[in-house]
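All remarks here apply to the structure that follows.
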Amino acid sequence: MSCAVGLAWHDRYLGRGFVPRRASWSRYALALRSFDDAGFFRQGLAPFLAPEASEDELASVHSASYLAFLRELDARGEGLVDGRQTPAYTGMLFRAAVAVGGTVLAARLVGSGRVAHAFNPAGGLHHAHPDRASGFCILNDIAIAVRVMQRDGVRRIGILDLDAHHGDGTQAIFWSEDVLVVSIHEHGGRFFPGTGAVDETGAGAGDGFTLNLPLGRGDSDAAFLTALDAGLARVRAHRPEILLVQFGTDGHVDDPFSHLRLSDAAYSVAAERAHALAHEVCGGALVLLGGGGYAPETVARIWTRAVGTVGGFRMLARDG
């Protein structure tokens, strides 16, 4: 059985991004073409225009001084946002704000029941902190969407992060709150960002609401799926009203930015199990976010299978 899936989209997704590896920018166009070729738009994949996030939404997570700093760099059009690897350019703030708006839109579409599930390919910017950028992320769309949902009256929220890189910004933002943050990521040595050890579990009101399930260099499907089952068990115990999945694909064996060796099949299983759990505990309220992934053809292929899985779509021929 197929069901409606909302696709948060803005044509600005197709332009310049923050990752210096320019080839990775093509993943959005490749995915959109793949969705069309598979016949998803004929089966219930519904595009919605991602709005630019409002100043109020951005300020729910990010400091006024940091947002002013971003506006200054945007106007200047040069420099490094994080002083290390995230380049500034004119138009960057709008690009980031529509990515945030897409995640807020996806959460609201699912929360209102307009669609069963939603996907924002430009979402999952989990390295951004309240007052600084990091790891190609200048605004934390996940945290902002959580703040918006909390204002809308949602009390129990779950985040499952599958990116190869630990979501240090998201973890820090909710460290002392009862928002569940589960992360499966590569950890060890000098691997970025260096956070996400098993003993990082939250503090105060958030004690026990952070669960890190680190993987080692060279780990493949078996280790990932074991961690996935443990993470989903924690989500099940939390029984969130909505589940946000940062569906980063940079743990794939084809990806140049990690040392994990995951297959397409591992991501397909992750989509299947997250989808099933969402229906079990929160009426299917599931939002997928694109996250990292720097081998564009691989990213588009995995996203297509994930969206097809949660939507129950068949892969149709063009004349089908």
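Just so you know, all these numbers are worked out from the coordinates, no wet-lab data involved. As the structure is a prediction and not an experimental result, all values here were calculated from the model. Glycine gets a Cβ as well: all are built from the backbone with ideal geometry, and neighbour counts include every protein chain shown.
Overall, the anisotropy analysis places segment 80-198 in the oblate class: the square-rooted eigenvalues a ≥ b ≥ c of its C-alpha gyration tensor yield a/c not less than 1.5, with a/b not exceeding b/c. Just for the chain, what percent of DSSP beta bridges are antiparallel, to the closest 5? Within the chain, antiparallel bridges account for around 10 percent of the total. Hey, what did the chain get for relative contact order, percent, Cα under 8 Å, at least 6 apart? Result for the chain is 22 percent. Across segment 53-67, the residues whose backbone nitrogen lies under 19 Å from the label position 7 Å along the beta-carbon direction of ASP131 are 58-67. By the combined test of axial Cα extent (at least 20 Å) and Kyte-Doolittle hydropathy (mean at least 0.0), the qualifying DSSP H helices of the chain come to 92-112, 221-238, 264-282, 296-311.
Hydrodynamic analysis of segment 171-320 uses the Kirkwood radius over alpha carbon pairs. Inserted into Stokes-Einstein at 4 °C and 1.567 mPa s, it gives a translational diffusion coefficient of 80 µm²/s.
Between SER176 and ALA237, the simple spin-label model (points 7 angstrom out along Cα→Cβ) gives 2.4 nm.
Between PHE41 and ARG151, the simple spin-label model (points 7 angstrom out along Cα→Cβ) gives 3.2 nm. Within segment 1-144, DSSP assigns beta bridges of which about 25% are antiparallel (rounded to the nearest 5).
Loop-located chymotrypsin sites (Phe, Trp or Tyr not before Pro) in segment 35-73 (DSSP state not H, G, I, E or B) with no more than 13 neighbouring Cβ atoms inside 10 Å do not occur.
For the chain, modelled as a Gaussian network with Cα springs under 10 Å, which listed residue fluctuates most, SER34, SER176, SER112? Of SER34, SER176, SER112, the Gaussian network model singles out SER112 as fluctuating most. Here the spin labels are modelled as points 7 Å beyond Cα on the Cα-Cβ line, and at GLN85 and SER268 they lie 3.1 nm apart. The spread of Cα positions in the chain, taken along each principal axis and listed from longest to shortest, comes to 51, 42, 40 Å. Only helical runs count toward this figure. For the chain, summing -39,500 (n - 2.57) over DSSP H runs of n ≥ 4 and dividing by all residues gives -12000 deg cm²/dmol at 222 nm. If the chain linking ALA222 and LEU14 were pulled fully straight, counting 0.36 nm for each residue of separation and taking away their Cα-Cα distance, it would gain 71.4 nm.
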